[in-house]
There are 2 protein chains.
Amino acid sequence: MQQERTEIASLGEFGLINHLTKNNETVQAGTILSVGDDAAVIDHFGRQTVISTDMLLEGIHFDLMYTPLRHLGYKAVAVNLSDIYAMYAEPTHITLSIGISNRFSVEAIDEFYDGVYTACEKYNVDLIGGDTSTSLKGFIISITAVGEVKPGKFVTRSGAKVNDLICVSGNLGAAYMGLQILEREKKIFLESPGVQPDLGNKAYIVGRILKPEPRADIVNWLMEHEIMPTSMIDISDGLSSELLHICTQSEVGCILYEEKIPIHNETKDMAREFNMDPLTCALSGGEDYELLFTVKQEDYEKIARNDQISVVGYITDKAEGVNLLTKQGNKHILKAQGWNAFSQQKKS
Amino acid sequence: MQQERTEIASLGEFGLINHLTKNNETVQAGTILSVGDDAAVIDHFGRQTVISTDMLLEGIHFDLMYTPLRHLGYKAVAVNLSDIYAMYAEPTHITLSIGISNRFSVEAIDEFYDGVYTACEKYNVDLIGGDTSTSLKGFIISITAVGEVKPGKFVTRSGAKVNDLICVSGNLGAAYMGLQILEREKKIFLESPGVQPDLGNKAYIVGRILKPEPRADIVNWLMEHEIMPTSMIDISDGLSSELLHICTQSEVGCILYEEKIPIHNETKDMAREFNMDPLTCALSGGEDYELLFTVKQEDYEKIARNDQISVVGYITDKAEGVNLLTKQGNKHILKAQGWNAFSQQKKS
């Protein structure tokens, strides 16, 4: 009998996760939310625990040629905390496992941990455990973050309702443009090692890729103003991809207004320098770690008071599909790949 | 200024962990136990949560040439649950992150997950989240296990008291001998690919390395019989190393009786075939995932009724040191490397 072989690439990341977890049944009474959101939720006698995990691999998720180890440690924690905040929860603890080859010195690992501890301190989180291994190749980081939320007050990806407003925090596409600069400077350096990179006037966008911050401030502000989002997700893969997650899991459609999508001027300038469309960067560029969430229409006036939150569209019936309305008034079906996909779409 | 470079090897694994965590301060009121035990403990309003994490790397922790993926999935879960049981707690949930290169097919990953789900089902644990990444090289597994324990009823490595009895579950050294067989068969196969390995009459010891079981049964038995260990650790690195952890963290010494150390007949036979000392395997061979624990003297009669538990020694004052009493009546200072270290010891 010939053994079947299905290539992982044929399923894609989300397809593979669905495939691997589709028969996963939970038996613990305390399991409130399992695989498929930013984090899982466990009941603990009056409070609920939120738990999320992320793996970062050298050569896949980061390039040590332009990522200072201190920043990497900070970022590894930040992106995990971002998942906890995206549940409308407060992070409290992390565990950290690393795999390191002998090309790293103790001083190098110390720098990495400096970043880890700095992030923990800033976000009031305890590092409570971990594992340290030798790796044959590459630096491997795995973090699990734990948080707390009042019973039933966590926010999933699946609660968006027709007419809810779609909101994003901060601005989008900056981290992606920052990455383009770092990649360009790396190429220049490899060709002419004498040339020192000049990142002076691109500090903002380079900072967005190297040292992202989870939007604790936004979650805290929403809590203070008693705004309970109906759905929420953090933007790690780009606005299109995350909005599709919310629409799919909430079984709704949406209209997203191009002109409402917040893009920083520095991002726009750099996009033009690279001959790219700033909108593409915002829709498909990942790693901004902003929050995408939906709120009820009645919360509009409160939301409008926070200049760090943009209302970028609204939720529609599922039958309407997931749409982008361009500045020119054209409606495009939104795909996870973002702008690249538009060329294949008929206008509707 | 010249940058200092300290080699990681100069600190060793435990030295590195100490170095990296020595300034780690916890701020969360809920943090009851942090870095430095089998798992951490978090308070959750009436119950306590135990959390532990482990990373397994291809080429370091496992060799896919003789490790079926289904067994690997099972073992990856088992070794994490073992840490939770070693806290005298019940595992409830795990998260699983994997990094896989495109040399793996979906069918191969399915096999791995089959093993993961089988272990979860057997131990009544829910898989509630994870992360799936591409890796440039090698299979990477990171699991975080979560468990529950009644407030204050967790057992650490630091509670052993003078005169407590030292106990181990099951038998030791079997996994190490199983590994020797697999390594030998791999070598034979690489030299003569036509020769099929015959593991028929070594099923027990090969099973110990490929498919270890966490000793849930022992922990449950202790709970049922109301025996509260004073300290506990799971044996992943060998009896010497784990006993030194308990003695160091409890600030005590001990006498370990060579003749009391439980070694399976199959382990003894194979050790002789390999010209090794069975005692060395028991002291320094890792991966048995048995439990090492201490109990009060008054619990002796209860403990003696369980033929899966051996009393192997007793705790002494710290000044006495950590000693092995041989069958010949000689006293040796125990070192983490086990038998190899003896040659350098003077008799006392």
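Every number here is computed from the coordinates shown, using simple stated rules; none is lab data. These numbers come from a predicted model, not from an experiment. FYI the Cβ positions are ideal-geometry reconstructions off the backbone, even for glycines, and counts take in every protein chain you see.
Quick notes
- Filtered trypsin sites (Lys or Arg not before Pro), segment B:54-119: DSSP coil and at most 15 other beta carbons within 10 Å: B:ARG103
- Residues with amide H under 5 Å from that of B:VAL322, placed H, sequence gap 5 or more: B:CYS254, B:LEU334
- Short-range pairs are left out: with C-alpha atoms under 8 Å and at least six residues apart, the relative contact order of chain A is 20 percent.
- Treating each Cα of segment B:179-276 as an identical point scatterer and summing with the Debye formula, the log10 of I(q)/I(0) at q = 0.12, 0.16, 0.18, 0.23 Å⁻¹ comes to -0.61, -0.93, -1.07, -1.34.
- Volume per residue for segment B:96-148 equals 72 cubic angstrom (convex hull of Cα atoms).
- Other copies of B:LYS161: label-to-label distances in nm, shortest first, labels 7 Å along the beta-carbon direction: 5.9
- Peptide-level mean, for A:52-64, of C-beta atoms on other protein chains within 10 Å: 5
- With its label point defined 7 Å out from Cα along the Cα-to-Cβ axis, A:ASP307 lies at 7.9 nm from the matching points of the other copies, in increasing order.
- Take each residue of peptide B:146-152, count the partner chain Cβ atoms within 10 Å of its Cβ, and average: the result is 2.
- In terms of its C-alpha gyration tensor, segment A:219-348 comes out oblate, because a/c is 1.5 or above while a/b does not outweigh b/c.
- For chain B, the Kirkwood estimate of the hydrodynamic radius, built from every pair of different alpha carbons, is 21.4 Å.
- Averaged over the residues of peptide B:119-129, the number of Cβ atoms from other protein chains lying within 10 Å of each residue's Cβ is 6.
- Value at 222 nm in deg cm²/dmol, rounded to 500, when DSSP H runs of n ≥ 4 in chain B each add -39,500 (n - 2.57): -10000 deg cm²/dmol
- Ordered from longest to shortest, the equivalent ellipsoid semi-axes for segment B:39-178 are 30, 19, 12 Å, each the square root of 5 times a Cα gyration tensor eigenvalue.
- With Cα atoms defining each centre, segment A:190-242 and segment A:120-187 are spaced 9 Å apart in the structure.
- Of all DSSP bridge pairs formed entirely within the protein assembly as shown, close to 80 percent run antiparallel.
- When all alpha carbon pairs of the protein assembly as shown are counted in 10 Å bins from zero, the resulting P(r) reads 3, 14, 23, 25, 17, 10, 6, 2, 0, 0 %.
- Evaluated at q = 0.22 Å⁻¹: base-10 log I(q)/I(0), Debye formula over Cα of segment B:221-278: -1.03
- Compactness relative to 2.2 N^0.38 Å, alpha carbon Rg of segment B:259-319: 1.35
- Of the GluC sites (Glu not before Pro) found in segment A:171-259, the ones in coil according to DSSP and having at most 14 other Cβ atoms within 10 Å of their Cβ are A:GLU226, A:GLU251.
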